[in-house]
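Please read the structure below before turning to the comments.
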Amino acid sequence: MMPTEKTNKKKTTVTRIVSKIPPHIIDEIMQASRIEEVIGDYVQLKRAGSNLKGLSPFTDEKTPSFVVSPAKQIFKCFSTGKGGTVVSFLMEKEHFSYPEALRWLADRYGVQIPEAAQPTAEELAELNERESFYIINEFAKNTFAQNMHETEEGKAIGLSYFEERGFRPDIIERFQLGYCLNKGDDFTKKALEKGYKLDYLERVGLVKTKEDRSFDFFRGRVIFPIHSVSGRVLGFGGRTLMADKKIAKYFNSPESVIYNKSEILYGLYFAKGDIVKYDECLLCEGYTDVISMHQAGMQHTVSSSGTSLTKEQVKLVKRYTKNLTILYDGDAAGIKASFRGIDLILEEGMNVKVVLFPDGEDPDSFSKSKSSTELEEYIKEHKQDFITFKASILLADGINDPIRKSELIKEIVHSVSLIPDQITRSVYIQEIARQFEISESIVNNELMRLRKSTMAKQLQEPMLNDIPVPMESEHLLEGAQIGSIQQGEQKKTSILHEQELIRLMVKYGTREVCIKEVGSEDKTTSVIELIIQEVESDELRFEDPKLKEIYGIFMDGVADDTLLATSYLKRLENQDIVAFVSDIESDEQELSHNWATKYNIYTKSEVDNLYEAVMNAIYHFKLTKIEEHIQQLQQELKDKNPQGEDLMLLLSEQMVYAKVRKEFSEKLGRIITR
């Protein structure tokens, strides 16, 4: 078996300190981390053979193309081409830096990092803007929590408010609730004393400045931190406790590079585990609704935080479940305004149910008046499909008006027309026909009309490939292509052969191969050393920057008398390299399988004939370099039109390279026909 760690020939080690985290700690973090667990917090994964499969978290797709390999601890998104390790995933999804992703994993899996101290003001200045915002929000969250538990004002106003709402201490701590002192600039002073920039404090929405006077944006308000899926604080909601109607009841953090309210669901960080567990998400409106539902044991509840449901929020839920139940209070106006949200849910192919609480009740008040069992039973017994619910709400306005009834039916059919699955649409058509006592064919005709209209609009939108190129531009492009197509194809082929060499080094680098030479004793060497020896002996160079860097890493290892295995490359900070290596591992067939036909690269029985496969790749690589040099000589003859001795030298050099090309072609022919 190919080793998964560094194969050390002389018991030496390669030391590469990355972002202040020692290499042995990085190894420990990677060994402790489980990619299926981490990604399972973002994507609903289902078993597919030895792998796990789900919908891509990076793009909108209907058919799962996102694959996780627990055995190899890698992922591959075939829709976007993204791939890599658990670190790569966190960097892509949460915009973590490399050390930040490692620290997050270390915290989750209990790996101690020696220098895991909070950054100083000087270190903070070196961090990027996004990371600075996260650190400032973390400081604010801790400050607001301390205010509420450790100051007289915080206890008397903030803590007493939450206690009066019936929230238990463990729930207050879990949701990290807090209070901003009503002293004008208390938080601002503390943040500036810590070295945080005023500009960042303003842009993240914690501080406001007017006429050269800075003050706390959330002063005198109880605080609800808003978390990302991974638990980072993105922003805050602040509720005033004053009765003055001129003062807005709720303030939310302004949007920033880390906070986009249309893409966030309050409470999802705490709810995602139970959403997957029960295969259902409960959706309500406000912060306290979510907290009360969680306290009552319904921990698969989230909130749109008082805003209209967005497509991004629906997709967020869809990562974990296709079943969404909306919890409504008795506000008829609010219910009607939310019908667009139901359409968005249906359009995503999700199953939507609706629960209507009694008049005067909302999830917050109702959950506190019932036991956990009673609350669960009420929700189960009062779930309605959206047709019954929508009809009951709208018919109440004009049940005896035939025109209004006709409009209602059209409105419901419009919602059904958004559902992507044909069978689901058919079931709803039957239900509409039964409920309104009209012909099923009439309902179906209206649905088909609506779908054709929608498709026609979509087809009218210009596609990028359909945009015409001006005639004069076409002539210019054609001329450029004719002049460079041969060189371009040669360059493309050269990169493919570079990639094949690196693939062999990644996949089989530490394996030994037997070199048989006529008149000499057989000797063994590693694939890495064989390729490096052949490339360096002819002073050849890689052109692709990424492949060149990987080759350099292997060379550095050999210089230290150490053969680097795949697992080492997957722990590098350069995520382009990690993705490339992961792609090689994620491909069940050899990457060069299709190249065998197109580029005559040998792959059959690669493992059994590893030496031949490696030499085949080396000869192709060298042959391409020879072809490039011959083309350069021909171009030089054409451009310079040399005479006399110069002409003879160029022609002589061209003949030598032509002879070498013939020799390599013959060697390749012998390898291929074996």
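The values are calculated or read from the model by the stated rules, or taken from the named source; none is laboratory data. On a predicted model such as this, the values are computed, not experimentally measured, just so you know. We place every Cβ from the backbone using ideal geometry, glycine too, and count neighbours over all the protein chains shown.
Can you say whether ALA140 is modelled with pLDDT of 85 or more, of a type in the set (A, V, I, L, M, F, W, C), surrounded by fewer than 16 Cβ atoms within 10 Å (Cβ to Cβ) and within 30 Å of ARG168 (Cβ to Cβ), as far as the supplied structure shows? Answer is no for this residue. When LEU177 is tested against (1) at pLDDT 95 or above; (2) over 23 Å from ALA296 (Cα atoms), exactly one condition is not met: (2).
Might you let me know whether the range 188-206 holds any residue that is assigned to a loop (DSSP other than H, G, I, E, B), of a type in the set (D, E, K, R) and farther than 19 Å from GLN146 by Cα? Within the range 188-206, one or more residues are assigned to a loop (DSSP other than H, G, I, E, B), of a type in the set (D, E, K, R) and farther than 19 Å from GLN146 by Cα. Checking each residue of the range 255-270 against the condition of being farther than 30 Å from VAL38 by Cβ and not assigned by TED's automatic domain parsing to the domain that holds MET298 gives no match. Meeting the requirement of 1 or more residues that are farther than 20 Å from GLU131 by Cβ, the helices (runs of 4 or more DSSP H) wholly within the range 19-112 are 23-32, 35-40, 98-109. Inspection of the range 244-267 finds a residue satisfying the criterion of being in contact with a Gly (Cβ under 9 Å, 6 or more places away or on another chain) and in a helix (DSSP H, G or I).
Tell me whether the range 229-237 contains one or more residues that are in contact with a Leu (Cβ under 7 Å, 6 or more places away or on another chain), in the same structural domain as PHE133 (by TED's automatic domain parsing) and outside any helix (DSSP H, G or I). The answer is yes; a qualifying residue exists.
Residues are listed down the side, and each one gets a yes or a no for (1) under 26 Å from GLU61 (Cα atoms); (2) modelled with pLDDT under 90; (3) under 40 Å from the mean Cα position of the chain (by Cα); (4) outside the structural domain of VAL314 (by TED's automatic domain parsing):
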{"position": "GLU348", "(1), (2), (3), (4)": "yes, yes, yes, no"}
{"position": "PRO358", "(1), (2), (3), (4)": "no, yes, no, no"}
{"position": "ASP364", "(1), (2), (3), (4)": "no, no, yes, no"}
{"position": "THR424", "(1), (2), (3), (4)": "yes, yes, yes, no"}
{"position": "TYR428", "(1), (2), (3), (4)": "yes, yes, yes, no"}
{"position": "GLU440", "(1), (2), (3), (4)": "no, yes, no, no"}
{"position": "LEU447", "(1), (2), (3), (4)": "yes, yes, yes, no"}
{"position": "ARG451", "(1), (2), (3), (4)": "yes, yes, yes, no"}
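All of (1) farther than 24 Å from GLN299 by Cβ; (2) surrounded by fewer than 15 Cβ atoms within 10 Å (Cβ to Cβ) hold for GLU164 with one exception: (1).
Only one of these is more than 32 Å from the chain's Cα centre (by Cα) and at pLDDT 85 or above: MET555, MET505. Name it. Please lay out each step first, then the result.
Working: MET505 fails: more than 32 Å from the chain's Cα centre (by Cα).
Step by step, each of MET555, MET505 is checked, and only MET555 is more than 32 Å from the chain's Cα centre (by Cα) and at pLDDT 85 or above.
Listed by first and then second residue, the pairs linking a residue in the range 223-239 that is closer than 11 Å to LYS141 by Cβ and at pLDDT 95 or above to a residue that is in a strand (DSSP E or B) and among the basic types (Lys, Arg), with Cβ atoms under 8 Å apart and 6 or more places separating them unless they lie on different chains, are PHE224/ARG239.
Given the range 535-586, what helices (runs of 4 or more DSSP H) lie entirely inside it while holding 1 or more residues that are basic (Lys, Arg) and over 26 Å from PRO70 (Cα atoms)?
On the way: elements: 545-559, 566-569, 575-586.
Hits in the range 535-586: 545-559.
Residue count for the range 539-556 under the criterion of being surrounded by 12 or more Cβ atoms within 10 Å (Cβ to Cβ), acidic (Asp, Glu) and farther than 20 Å from ARG511 by Cβ: the result is 3. Consider the range 558-588 and keep the residues that are small (Gly, Ala, Ser) and modelled with pLDDT of 85 or more. The one that is farthest from GLU612 (Cα to Cα) is ALA579.
For the range 367-395, a residue qualifies if it is farther than 22 Å from TYR278 by Cα, of a type in the set (S, T, N, Q) and either in contact (Cβ under 8 Å) with a residue 24 or more places away in the chain or not assigned by TED's automatic domain parsing to the domain that holds MET350 (or both), and exactly one does: THR388. For the range 148-162, give me each residue that is of a type in the set (D, E, K, R) and either out of contact with any helix residue (DSSP H, G or I) (no Cβ under 8 Å at 6 or more places or on another chain) or more than 27 Å from PRO363 (Cα to Cα) (or both). Matches in the range 148-162: GLU150, GLU152, GLU153. The residues of the range 278-299 that are under 22 Å from the mean Cα position of the chain (by Cα) and not in a loop (DSSP other than H, G, I, E, B) amount to a single one, CYS281. Scanning the range 294-315 for residues that are surrounded by fewer than 17 Cβ atoms within 10 Å (Cβ to Cβ), at pLDDT 85 or above and small (Gly, Ala, Ser) yields a count of 1.
To keep it simple, each residue is scored yes or no on (1) of a type in the set (Val, Ile, Thr); (2) crowded, with 19+ Cβ neighbours inside 10 Å; (3) over 22 Å from VAL314 (Cα atoms); (4) in contact with a helix residue (DSSP H, G or I) (Cβ under 6 Å, 6 or more places away or on another chain).
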| site | (1), (2), (3), (4) |
| --- | --- |
| GLY195 | no, no, yes, yes |
| ASP212 | no, no, yes, no |
| PHE217 | no, yes, yes, no |
| SER230 | no, no, no, no |
| ALA243 | no, no, yes, no |
| LYS246 | no, no, yes, no |
| ASN260 | no, no, no, no |
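Taking the range 190-210, which residues are without any contact (Cβ under 8 Å) to a residue 60 or more places away in the chain and either hydrophobic (A, V, I, L, M, F, W, C) or out of contact with any Asp or Glu (no Cβ under 9 Å at 6 or more places or on another chain) (or both)? Answer for the range 190-210, where residues must be without any contact (Cβ under 8 Å) to a residue 60 or more places away in the chain and either hydrophobic (A, V, I, L, M, F, W, C) or out of contact with any Asp or Glu (no Cβ under 9 Å at 6 or more places or on another chain) (or both): LYS190, ALA191, LEU192, GLU193, LEU198, ASP199, GLU202, VAL207, LYS210. Taking each residue of the range 543-562 that is touching a residue at least 24 places away in the same chain (Cβ under 8 Å) and looking for partners that are of a type in the set (Gly, Ala, Ser) and in a loop (DSSP other than H, G, I, E, B) with beta-carbon atoms closer than 8 Å, six or more apart or interchain, yields PHE554/GLY509.
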